[in-house]
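Written out below as structure tokens is the structure these notes cover.
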Amino acid sequence: MDKYIEAFENYVASFDLEVSQLKRKKEHTYRVIKLCMEIAKSLQMNDHDVFLMKLIGLYHDIGRFDQFKQFSKFNDSETYDHASKGVIILNTLQILDDLEEKDLILKAIENHNQIKLEENLSPREKQFCEIIRDADKLDILNLVIEGKIKMNPYDEKYSEKAVQTILNGECIDLKEYPRKVDQSLVKIGLMNDIVFPFSKQYILKNNMIDELIEIYIKNNPKEKDTLEKIKKKVKERMNDTNVR
Ligand SMILES: [Fe+2]
């Protein structure tokens with residue numbers, strides 16, 4: 001593992017890590033590795049697969065550093081898809097070239113930020129994709145709850161369609177919602193896409209749904225009733241091990 005961590009450290013050292021956004025991305029990476037490992041272990045993956053999962057965590061956001069350097073923002077729709085960029089970087093650096101399952105790693109990285117997984121993945125590919133997606137979401141949700149990712153205040157109603165999407169257990173696709181107030185529901189929508197029992201228990205154990213909704217209510221008191229309804233529904237789904 002050491003040589004892969006060294007390759008990551010060398011790559012990111014070519015950027016200005018005094019920039020707080022980049023420093024935070026690096027810290028995010030290491031927390032995501034830890035979460036990946038915990039999920040992998042909860043699934044009783046063997047040592048080799050846990051190792052692959054660590055690599056996916058380590059490199060999943062490698063495209064973020066160039067993105068921020070070039071555009072000073074992390075917005076994929078206004079810049080480029082940072083997951084595809086990551087794959088290009090990894091291929092260029094040839095970091096993974098000696099690994100038999102390089103393609104599996106790249107597949108998981110490529111899919112980690114998509115609203116839906118690509119079709120025709122093998123069950124094995126799908127599992128690796130889902131683990132990095134859960135781990136990434138858990139860390140993002142933690143950052144929102146800790147106030148390190150800021151949520152904007154609003155004084156307007158969410159559209160009926162956006163609320164219904166969340167209540168139906170789906171995610172918010174930013175492209176479908178031009179209004180910022182609807183786009184703000186994307187974070188709570190992430191809860192609907194959580195897959196593994198470990199992740200669900202992590203969210204419930206840490207009271208993350210209540211804490212997240214509390215932030216939403218503080219930022220948009222007008223929508224308190226709607227948000228309470230969303231909270232109830234998201235909790236129901238999180239407690240129901242049969243629902244995906
Ligand atoms: Fe990412």
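The values are calculated or read from the model by the stated rules, or taken from the named source; none is laboratory data. Keep in mind the model is a prediction, meaning the values are calculated, not measured. FYI the Cβ positions are ideal-geometry reconstructions off the backbone, even for glycines, and counts take in every protein chain you see.
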Within the range 98-116, residues within 15 Å of the ligand (Cβ to nearest atom) and surrounded by fewer than 17 Cβ atoms within 10 Å (Cβ to Cβ) come out as 114, 115
Flagged in the range 201-244 as of a type in the set (S, T, N, Q) and at pLDDT 95 or above, in numbering order, are 201, 206, 207, 219, 220, 226
